[in-house]
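Beneath this line is the structure, given in structure tokens, with notes to follow.
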Ligand code: SF4
Ligand code: FES
């Protein structure tokens, strides 16, 4: 029997191309061009390997996955292979016929990101004119086509004042679930941190609002809430623990333990197609480096919670401390925690407004 349980889900990043230019995109600063993307046969083979490995869900993501003309075929293949297919999309390139084709191919769930509730501000954040209203039109169709709808509301200093309206909007669109996620500072978001960082007052107001709306809405719409790391005291269990629940396949076929793993120097990533996916997952060097607890330093190494949060986020530890094996500075026990809180407050108060937009 295998020592490593199978992953629950596979994130298939089909492309880095995207018509939007969100300043908090989690894609790497050095994005891959269309010519570096893997072809249909590669993704079909990967889906078969994932199903054989025991993966239950596949998330088609990007960039913007609907830019790939083979998306309906990939969804149909995943569906036949027994994988639950989810599409993570900006929705601006979809129309009713395209969405219907994806539903007919077996798509079960659609996650649509909103940049805000005010069309003008939302279009400014995504740097795509008319995008907000296109998203709303597509989102409304998702439940009509018998698919589950999640609205991803990514929040930060420049749209948190719209959070009450964003919750109402998700409800009016017929969402089963609303994910309110404060920006996670990887990729382009790290570059735009000063323009995105909320103030502590905004953070506290958002917490109170979410709690109240959750109590009010109950089962009508589930609200998941990702707090802003820089103001939290306990780290999130990033990726469900490194190499434990999820794997990420980049557009060029590299298999990553998380979407930001390539920021960590020295990690070696295997390519799907060159080695069996099972071997990459179970024994690949990048997965083994931070799997479990053997790599931990103090205070994590002797902490009672080390098998609950698995030491937090490796990419964040690297970004803040310069050491990917350090305790995530979100943790109140990290020697860098107070410094991280102070930096957040200072950046939020500085009031930078201009974004560096994501561009290939
Ligand atoms: Fe988690 Fe490490 Fe903090 Fe303990 S010391 S709570 S394991 S991050
Ligand atoms: Fe890489 Fe958290 S984003 S471990």
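The values are calculated or read from the model by the stated rules, or taken from the named source; none is laboratory data. Being a predicted model, the structure only gives us computed values, none of them experimental. Glycine also receives a Cβ, built like all others from the backbone with ideal geometry; neighbour counts cover every protein chain displayed.
Tabulated values for the structure
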| item | result |
| --- | --- |
| Condition broken by residue 239, with the remaining ones in (1) over 30 Å from residue 39 (Cα atoms); (2) touching a strand residue (DSSP E or B) at 6+ places or on another chain (Cβ under 7 Å); (3) within 16 Å of ligand 2 (Cβ to nearest atom); (4) outside any strand (DSSP E or B) satisfied | (1) |
| Residue list for segment 306-326, restricted to those being away from ligand 2 (no atom under 15 Å from the Cβ) and under 22 Å from the mean Cα position of the chain (by Cα) | 308 |
| Residue ID - farthest from residue 8 (Cα to Cα), chosen from residues in segment 67-79 that are buried (at least 21 other Cβ atoms within 10 Å of the Cβ) and touching a helix residue (DSSP H, G or I) at 6+ places or on another chain (Cβ under 7 Å) | 71 |
| Sole residue being assigned to a loop (DSSP other than H, G, I, E, B), buried (at least 18 other Cβ atoms within 10 Å of the Cβ) and away from ligand 2 (no atom under 16 Å from the Cβ), chosen from 329, 251 | 251 |
| Selection count where residues are assigned to a helix (DSSP H, G or I) and within 12 Å of ligand 1 (Cβ to nearest atom), scope segment 283-309 | 3 |
| Set 209, 246: member being within 24 Å of residue 9 (Cα to Cα) and either in contact (Cβ under 8 Å) with a residue 40 or more places away in the chain or within 16 Å of ligand 1 (Cβ to nearest atom) (or both) | 246 |
| Whichever residue in segment 170-188 is crowded, with 21+ Cβ neighbours inside 10 Å and assigned to a helix (DSSP H, G or I) and, among such residues, is nearest to ligand 1 (Cβ to nearest atom) | 187 |
| Members of segment 255-266 found to be closer than 22 Å to residue 8 by Cβ and either within 16 Å of ligand 1 (Cβ to nearest atom) or part of a loop (DSSP other than H, G, I, E, B) (or both), listed by number | 257, 258, 259, 260 |
| Hits in segment 332-343 - residues which are away from ligand 2 (no atom under 16 Å from the Cβ), part of a helix (DSSP H, G or I) and in contact (Cβ under 8 Å) with a residue 24 or more places away in the chain | 337, 341, 343 |
| Selection count, segment 231-248, where residues are surrounded by fewer than 17 Cβ atoms within 10 Å (Cβ to Cβ), closer than 23 Å to residue 299 by Cα and in contact with a helix residue (DSSP H, G or I) (Cβ under 8 Å, 6 or more places away or on another chain) | 1 |
| Close pairs (7 angstrom Cβ cut-off, 6 or more residues apart or separate chains): free of Cβ contacts under 8 Å to residues at least 60 places away in the same chain in segment 307-322, part of a helix (DSSP H, G or I) and within 9 Å of ligand 2 (Cβ to nearest atom) anywhere | 318/263 |
| Extreme residue, surrounded by the most Cβ atoms within 10 Å (Cβ to Cβ), among residues of segment 25-59 that are part of a loop (DSSP other than H, G, I, E, B) and at pLDDT 95 or above | 55 |
| Of all residues in segment 310-326 being closer than 26 Å to residue 157 by Cβ and assigned to a loop (DSSP other than H, G, I, E, B), the one that is farthest from ligand 1 (Cβ to nearest atom) | 322 |
| Odd one out for residue 297, checked against (1) touching a helix residue (DSSP H, G or I) at 6+ places or on another chain (Cβ under 9 Å); (2) touching a residue at least 12 places away in the same chain (Cβ under 8 Å); (3) more than 13 Å from ligand 2 (Cβ to nearest atom) | (1) |
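Rundown of residues vs (1) within 16 Å of ligand 2 (Cβ to nearest atom); (2) part of a strand (DSSP E or B); (3) at pLDDT 95 or above, yes/no style:
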site	(1), (2), (3)
190	yes, no, no
203	no, no, no
207	no, no, yes
211	no, no, yes
219	no, no, no
224	no, yes, yes
230	yes, no, no
